[in-house]
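So the structure is just underneath, and the comments pick up after that.
The values are calculated or read from the model by the stated rules, or taken from the named source; none is laboratory data. Quantities reported herein were computed from a predicted structural model and do not represent experimental measurements. Glycine gets a Cβ as well: all are built from the backbone with ideal geometry, and neighbour counts include every protein chain shown. Each accessible area value is taken on the protein alone, full model and side chains, heavy atoms only, with ligands, DNA and RNA left out. Shrake-Rupley method; radii C 1.70, N 1.55, O 1.52, S 1.80 Å.
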Amino acid sequence: MSMPTHVAVTTSLRDAKRLETPWPFTGRADELELVRGSVAAGRGGLVVTGPAGAGKTRLVTEAVRGTDRARAAGTPETRDVPFAAFAHLLPEGITLHRAVHLLSGVRLLLVDDAHLLDAASAALVHQLAVHGRTRLLVVATDGTSVPDAVSRLWSGELLPRLALEPLPREETAELLAAGADTSLEPLTVDRLHRLCRGDLRLLRHLLAAVRESGLLVPVPDTDQWAWRGPVPITPAVRERTAQVLDRPRTEERETLERLAFAEPLPLDLDPDALDIRILENLEAEGLVTVDDHGAGRLAHPLHGPVLRAAAGRLRARRLAVRTPDRTGPAL
């Protein structure tokens, strides 16, 4: 069977969105060289992990640009379908042993969204790493459930792992300067960086939403533009926060809303309104932080605007008047 050396397929709506004209690749020079070196001759490959939207796929794509490769990707819809990620590369009804044999002739295999692989595809990637004939670039997102066969790639020391950190402020500024068609003032860059926390997809979307909402205004006597006004709560912004803010327990949602309208909120201000056990659970999940003065606040600066925008007028009024000396932050 003749195997293709370069495969480019769209397997999900998320992949389709990537067809938008990308911003220039900026920053991560050291990481780029590391990835390139990992797929050089004689190397087994690399696993790249990091937060959602941190630019993992863009990094590895840039690193292998111009190189013959096959590509596979996991999707949420096909996690229960055996070998779904490799359906475009393998015949139906194939066994794991035969799949390993067929893909051993591929020089370089890029496996994106490996945290979403079905069990058979994850086992196939693991076996390819064990056999060592195919160089692998495997991309997985932190904070999600990863198949054991994928996590054993680095925990079992089959492949080295690059844990990608969020893009720092300086490189975020370089990216905005290269990708945006306007020059942004430093305070606006700071605000975008703080709200997006390294999520580059959110960064691009939020900047576009700010511009479309008329919130980007010229700075007098300069060629720079500034973001003045609230955070545009678009469907994409709500989607990015829904996973953590849509709480199954109403008391958890109520606590988050209280903080959204009154942070920083002294935890002993109203003992009857704040259940310390709920706060402890939210803190353990990374949704709430407590400062040295015993005041609680939302851990992510984007969550407050989203929660306040989702509350109706009567609910917002009730939540706000319970702490009359506090007002929500103006983000």
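What to note about this one:
- Acute angle (nearest 10 degrees) that the helix 200-212 long axis makes with the longest principal axis of the chain, alpha-carbon atoms: 50
- Accessible carbon and sulfur surface of the chain relative to its total accessible area, %, 1.4 Å: 52
- The stretch 128-204 pair-distance distribution - Cα-Cα, 10 Å bins, rounded %: 15, 35, 20, 21, 8, 0
- Cα convex hull, the stretch 63-153: 95 Å³ per residue, rounded to a whole number.
- FRET E, pair residue 77, residue 219, Förster distance 35 Å, beta-carbon r, rounded to 0.05: 0.15
- Alpha-carbon centroids, the stretch 20-44 and the stretch 91-122: separation in whole Å: 23
- Listed residue (158, 48, 129) projecting farthest to the positive dipole end of the chain, Cβ model: 129
- The long axis of helix 250-262 is offset from the longest Cα principal axis of the chain by roughly 60 degrees.
- In this structure, residue 68 and residue 98 have a Cβ-Cβ separation that, at R0 = 22 Å, corresponds to a calculated FRET efficiency of about 0.45.
- At a probe radius of 1.4 angstrom, the accessible area of the chain per residue rounds to 51 square angstrom.
- Amide N of the stretch 239-258 lying under 16 Å from the label point, which is placed 7 angstrom from the Cα of residue 277 along Cα→Cβ: 249-253, 255
- Nearest 10 degrees, 0 to 90: helix 235-245 Cα axis against the chain principal axis: 90
- Share antiparallel - DSSP beta bridges, the chain, percent rounded to 5: 30
- Dimensions in Å of the chain - Rg and Dmax from alpha carbons: 23.0, 73
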